[in-house]
Amino acid sequence: MKILFQSRTTLLSVPGGDTTQVQHTAEALTRLGCAVDISLDLTPDVSDYDLVHLFNLSRPQEVYVQALNAKRAGKKVALSTIHVSYDEFESRARGGIAGLIARSTSDAAREYLKVGGRAVKNREWSLGVLHLLCRGYRNLQKKTLELVDMLLPNSHSELKRVVSDFPCARTVSSSVIPNGVDRSLFGGSTENAPYSREYKDCVLCVARIEGLKNQLNLVRAARRLPWTFVFVGQPAPNHFSYYRRLRAESPSNVVFLGKVAHEQLAPLYRAAKVHALVSWMETTGLSSLEAGACSCNLVITDKGDQREYFGNDAFYCNPESVDSIGDALIRAYQAPKTDVLRKRILANFTWETAASRTLEAYQSLLSG
């Protein structure tokens, strides 16, 4: 089977969770005997492919044009929705002029304005951006869903959110594909590896630095606690003022490591006692999965789809409340490390599992 993966044009230049999902799913499918190419173009030649697999409904300015291109060529189209809602963050936590605008507009209007802003500031002009500016953000998402043949959300709760926001999705077949971890990187022991002594029993946070990930409230919680807090990640484009504020409010027990290569994260996860990802919204929280696979105790947000992955094996917090974050950190730090979550993740949430289920979905789609 020959498959073309397509996603946002900034997939590699501004990496995120979808970048990891695309790359690792492609690699795992290749090990299953598929031929997988990745294209960030809007209208590539798809004639040689059995189907086209798109990623990220939150970027309709790209996936709509990519879906239209595939359907015009007579190809089946699958879509990993990665459908998130930033409404709480935008209306309650975003600061500055953008926050004032966010609190006076709808979710769809905010996303519309952000696309226009990126087009001007980051020069992200394309045919898809013109479609979005002419048709509207939500309408272009709806048009995209009307084009695709199968939805591949990362959880049942994400699928419910898609159907709730877009009733037209009820008629599209679907298959839930869990996100995963790289067993070869995070499934083994990394004792006596780099970081194992310097940051032993730290509180770790691996995430792109931006308001949505809520590192600022995590730093504020760190002020009241005695442990070392280690942040891994770079500021997202257009979030450098947030990063400067984060550094300015950080106490002496906070360390910023910047970008760390993905293959070097396992020793950090192993060294840490707790991994904290207190975002305003997460569909999965890939770094939480990776940390859990390395036996970290997890502090995670109660917003989004994470309970479907972590159940009762994590410590949940309200991202808006520094007290809630601090309380969850204390409970997680005082709890002993166990292998319960690690074993469950390695049994159910690996890229091999994701690829196997994805291949089954492809076979179902192509067989009609």
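The values are calculated or read from the model by the stated rules, or taken from the named source; none is laboratory data. What you are looking at is a predicted structure, and each value in this text was computed from that prediction instead of being measured. Methodologically, a virtual Cβ is constructed for each residue, glycine included, from the backbone with ideal geometry; neighbour enumeration extends over all protein chains shown. Note: areas computed on protein heavy atoms with side chains; ligands, DNA, RNA excluded. Shrake-Rupley method; radii C 1.70, N 1.55, O 1.52, S 1.80 Å.
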> Quick one: would you say Leu298 is in a strand (DSSP E or B), among the hydrophobic types (A, V, I, L, M, F, W, C), closer than 20 Å to Val181 by Cα and open to solvent by less than 30 Å² (accessible area, probe 1.4 Å)?
Replying inline: yes
> Are any of the residues in region 76-91 at pLDDT 95 or above, open to solvent by 40 Å² or more (accessible area, probe 1.4 Å) and farther than 30 Å from Asn318 by Cβ?
Replying inline: yes
> So which of Gln234, Gln264 is open to solvent by 20 Å² or more (accessible area, probe 1.4 Å) and within 26 Å of Pro336 (Cα to Cα)?
Replying inline: Gln264
> Which pairs do you get when a residue that is among the β-branched types (Val, Ile, Thr), found in region 136-150, comes within reach of a residue that is assigned to a helix (DSSP H, G or I), reach meaning Cβ atoms under 7 angstrom, with the pair 6+ apart or on two chains?
Replying inline: Thr144/Pro60; Thr144/Val63; Thr144/Tyr64; Thr144/Ala67; Val148/Ala67
> Scanning for something in a loop (DSSP other than H, G, I, E, B), charged (D, E, K, R) and in contact (Cβ under 8 Å) with a residue 12 or more places away in the chain, does region 268-282 turn up at least one residue?
Replying inline: yes
>> Give me the helices (runs of 4 or more DSSP H) completely within region 96-168, filtered to those with at least 2 residues that are at pLDDT 90 or above, ordered by residue number.
In response: 137-147, 156-165
> Out of region 7-27, which residues are under 19 Å from Ile209 (Cβ atoms), touching a residue at least 24 places away in the same chain (Cβ under 8 Å), small (Gly, Ala, Ser) and assigned to a loop (DSSP other than H, G, I, E, B)?
Replying inline: Gly16
> Which residues, taken from region 13-37, are over 19 Å from Asp182 (Cα atoms) and either over 14 Å from the mean Cα position of the chain (by Cα) or not hydrophobic (A, V, I, L, M, F, W, C) (or both)?
Replying inline: Ser13, Ala35, Asp37
> All but one of (1) in a helix (DSSP H, G or I); (2) of a type in the set (Gly, Ala, Ser); (3) under 16 Å from Leu204 (Cα atoms) hold for Ser324; which doesn't?
Replying inline: (3)
> Can you find a residue in region 302-316 that is without any contact (Cβ under 8 Å) to a residue 24 or more places away in the chain and in a strand (DSSP E or B)?
Replying inline: yes
> Among (1) without any contact (Cβ under 8 Å) to a residue 60 or more places away in the chain; (2) more than 23 Å from Glu146 (Cβ to Cβ); (3) open to solvent by 10 Å² or more (accessible area, probe 1.4 Å), which single condition is Pro44 missing?
Replying inline: (2)
> Do the conditions hold for Leu57, that is, is it at negative phi, at pLDDT 70 or above and either surrounded by fewer than 17 Cβ atoms within 10 Å (Cβ to Cβ) or assigned to a loop (DSSP other than H, G, I, E, B) (or both)?
Replying inline: yes
>> Looking at the structure I just gave you, is Lys303 within 29 Å of Ser13 (Cβ to Cβ), surrounded by fewer than 24 Cβ atoms within 10 Å (Cβ to Cβ) and touching a Phe, Trp or Tyr at 6+ places or on another chain (Cβ under 7 Å)?
In response: yes
>> Take Ala347 and tell me if it is within 19 Å of the chain's Cα centre (by Cα) and over 22 Å from Val203 (Cβ atoms).
In response: no
>> Tally up the residues in region 199-224 that are within 23 Å of Ala335 (Cβ to Cβ) and out of contact with any strand residue (DSSP E or B) (no Cβ under 8 Å at 6 or more places or on another chain), please.
In response: 7
>> Take Asp313 and tell me if it is of a type outside the set (A, V, I, L, M, F, W, C), over 17 Å from the mean Cα position of the chain (by Cα), more than 18 Å from Gln234 (Cβ to Cβ) and surrounded by fewer than 21 Cβ atoms within 10 Å (Cβ to Cβ).
In response: yes
>> Looking at Ser80, Ser58, Ser85 in this structure, which one is touching a His at 6+ places or on another chain (Cβ under 9 Å) and closer than 30 Å to Ser321 by Cβ?
In response: Ser58
> Residues of region 139-156 being open to solvent by 40 Å² or more (accessible area, probe 1.4 Å) and under 20 Å from the mean Cα position of the chain (by Cα), which ones?
Replying inline: His156
> Restricted to region 28-39, and to residues that are in a helix (DSSP H, G or I) and not polar (S, T, N, Q), which residue is most open to solvent (accessible area, probe 1.4 Å)?
Replying inline: Arg31
